[in-house]
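Student: The structure is given below, and queries will be raised subsequently.
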Amino acid sequence: PCIFVSLQHGFVAASRVAFETIDLKPWLHMVPDELVPFTPLLKQLGVRESFVSQDLMQTIHRVTKEQTPEGLDEADVTRCVNILEILSRDHDLPQNCLLYTSDAADEEDSVDLGGR
């Protein structure tokens, strides 16, 4: 099922919509205020309360796959930093969770998000 989220983004899969989230358009969306009264219906269609770590990690992956040869624009970098900040506070991440960037992979280096 798809949910109408805005005139700009139109309909998106219910799995990409949540009631509580940060702005990650066009990858993940927040339920528009005018649809909040239909919460029970939206939940039956697959809209979740919030996104989980896996959704956020997949979003970073999508962003990097869609980048242009010039690299990410400032808005995408800000979104990725926001995601990484959320993931760094996530206590459900595996103990040995590592984030590899393309530069880090070339240098066999990584950023450790686990280790608690």
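Student: If only one of THR78, THR64, THR68 is touching a helix residue (DSSP H, G or I) at 6+ places or on another chain (Cβ under 8 Å) and not charged (D, E, K, R), which one is it?
Tutor: THR64
Student: Next up: Which one is surrounded by the most Cβ atoms within 10 Å (Cβ to Cβ) among residues in the stretch 6-21 that are in contact with a Phe, Trp or Tyr (Cβ under 9 Å, 6 or more places away or on another chain) and at pLDDT below 90?
Tutor: Restricting to residues being in contact with a Phe, Trp or Tyr (Cβ under 9 Å, 6 or more places away or on another chain) and at pLDDT below 90, the top hit is THR21.
Student: I would also like to ask the following. Please go through the stretch 1-17 and pick out each residue that is in a strand (DSSP E or B) and over 22 Å from VAL77 (Cα atoms).
Tutor: Passing the criteria: CYS2, ILE3, PHE4, VAL5, SER6, GLY10, PHE11, VAL12, ALA13.
Student: Let me ask you something else. Scan the stretch 58-76 residue by residue and report those that are farther than 12 Å from TRP27 by Cβ and in a loop (DSSP other than H, G, I, E, B).
Tutor: GLN67, PRO69, GLU70, LEU72, ASP73
Student: Anything in the stretch 22-45 that is out of contact with any Lys or Arg (no Cβ under 9 Å at 6 or more places or on another chain) and open to solvent by less than 30 Å² (accessible area, probe 1.4 Å)? List them, or say none.
Tutor: Within the stretch 22-45, VAL31, PRO32, LEU42 meet the criteria.
Student: A follow-up question, please. Given the criteria free of Cβ contacts under 8 Å to residues at least 40 places away in the same chain and assigned to a helix (DSSP H, G or I), does PHE38 qualify?
Tutor: Judged against the criteria, PHE38 is a match.
Student: Testing ASP73 on (1) surrounded by 15 or more Cβ atoms within 10 Å (Cβ to Cβ); (2) farther than 22 Å from PHE19 by Cα, one condition comes back false. Which one is that?
Tutor: All conditions pass for ASP73, except number (1).
Student: What's the number of the only condition in (1) modelled with pLDDT of 90 or more; (2) farther than 23 Å from ILE3 by Cβ that LEU41 fails to meet?
Tutor: Result: LEU41 fails condition (2) only.
The values are calculated or read from the model by the stated rules, or taken from the named source; none is laboratory data. Bear in mind the structure is a predicted one, so any value in this text is a computation, not a measurement. Counting neighbours? That spans all protein chains shown, and the Cβs are built from the backbone with ideal geometry, glycine included. The protein model used for the area step is the full one, side chains on, heavy atoms only, and it has no ligands, DNA or RNA in it. Shrake-Rupley method; radii C 1.70, N 1.55, O 1.52, S 1.80 Å.
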